[in-house]
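The values are calculated or read from the model by the stated rules, or taken from the named source; none is laboratory data. Keep in mind that what you see is a predicted model, and the values were worked out from it rather than measured. Counting neighbours? That spans all protein chains shown, and the Cβs are built from the backbone with ideal geometry, glycine included. Accessible surface is based on the protein model in full, side chains and every heavy atom, while ligands, DNA and RNA are left aside. Shrake-Rupley method; radii C 1.70, N 1.55, O 1.52, S 1.80 Å.
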Amino acid sequence: MNPALIGVPAVAVLASGITTYAAVHPRSQLFGATIRTTAAPLQLALTFDDGPNPAITPLLLDLLDRYNARATFFMIGRFVRECPELAKEVAARGHLIGNHTQTHPNLLWLSPRAIRSELQQCQSALQDAIGAATKVFRPPYGLRNPWVVSTAHELGMRTVMWTLLPGDWLEKPAEWLTARLRPIEDKAREITNRSSGDLLCLHDGAHRQLNGDRIRTLKALEYWLPRWRDLGLKFVTIGQAVNTPAS
């Protein structure tokens, strides 16, 4: 055996592991810089993916209003086309809208050209619905290949990940999801050990169809929003979290 080949399998495994980390892990910056926390420990960025959803988004907007909470909604372009008035209502209520692609594909397997098309189509849908394109983007499933973040940047958008992804799309009781959100409370009580805050990824829609059931998300937030507020957390959009750090 050629001695030079002895380490090849190990090198291949290492390279595969690095690539997987870069593509999947929300903290990874290997494929490009992303926003993954807020700028201060008492800032909490609530984000919602896969809408707009006529079955849940209006109820969620009313709940957020109750606690003067502003959030960021990463919308799928084809749903924006179907529900432009709902998208417009989200913006009118003071929330930030983000790009979540046109059809919610797994971008990991797409070419640079296909990625650009997905992002541009969603930008066009948002422009038509709310009168402006967006400056923030979240990749479906959080998956990135070497072209995803750079393409978003070329189109004027920053890529947004998260610190907590509790799995609210799973068919579980609301009590299960409520328990999964407890780390936000735990970290809010330890702000002296932290320099940044949480960025929470939830879902107001279901990417396969409109009117997906996300009642468990609503119920969990009904429990936590007043408690997080009482802990001193400030609910901010991604734009606010990046541009106006809390004291």
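Taking the Cα centre of region 143-222 as reference, the dipole from Cβ charges on Lys and Arg (+1) and Asp and Glu (-1) amounts to some 120 debye. If you wrap the tightest convex hull around every Cα atom of the chain and split its volume per residue, you get 148 Å³.
When only Cα pairs below 8 angstrom with a gap of at least 6 residues are kept, the chain shows a relative contact order of 33 percent. Only lysines eight or more places from Lys172 in sequence, or on another chain, were considered; those with a Cα closer than 27 Å are Lys187, Lys219. Extension gain, Asp62 to Arg113, is 14.5 nm, computed as 0.36 nm per intervening residue step minus the present C-alpha separation. On full extension, the segment bounded by Ser124 and Ser196 gains 22.6 nm, given 0.36 nm per residue less the C-alpha separation. The residues of the chain expose on average 47 square angstrom of accessible surface per residue, using a 1.4 Å probe on protein heavy atoms. Electrostatic bookkeeping for Leu177 treats Lys and Arg as +1 and Asp and Glu as -1; over the other residues with beta carbon under 12 Å from its beta carbon, the sum is +2. Within region 180-247, the proportion of C-alpha pairs whose separation exceeds 20 Å stands at 39%. Placing pseudo-labels 7 Å out from each Cα toward the beta carbon at Asp230 and Arg182 gives an inter-label distance of 1.7 nm. The charge dipole of the chain, taken about the Cα centre with unit charges on the Cβ atoms of Lys, Arg (+1) and Asp, Glu (-1), comes to about 440 debye, rounded to the nearest 20. Spread over its residues, the convex hull of the C-alpha atoms of region 33-89 is 96 Å³ per residue. Considering only Leu63, Leu231, Trp176, the residue lying farthest towards the positive end of the dipole of the chain is Leu231, judged by Cα position with unit charges set on Cβ.
Could you please state, rounded to a whole Å, how far the C-alpha centre of region 140-217 is from the C-alpha centre of region 27-60? For region 140-217 versus region 27-60, the Cα centre distance is 6 Å.
Quick one: go through region 105-132 and flag any residue whose amide nitrogen is under 13 Å from the point 7 Å out along the Cα-to-Cβ line of Glu154. Residues 111-120 qualify, since their backbone N sits under 13 Å from the label point.
Per-peptide packing, taken as the mean over residues of other Cβ atoms within 10 Å, places 106-115, 87-96, 37-46 in the sequence 37-46, 87-96, 106-115 from highest down.
Counting only residues at least eight positions apart within a chain, or on another chain, the aspartates and glutamates with an alpha carbon under 16 Å from that of Lys135 are Asp49, Glu118, Glu154. For region 203-247, the dipole from Cβ point charges (+1 on Lys and Arg, -1 on Asp and Glu) about the Cα centre works out to 80 debye, to the nearest 20.
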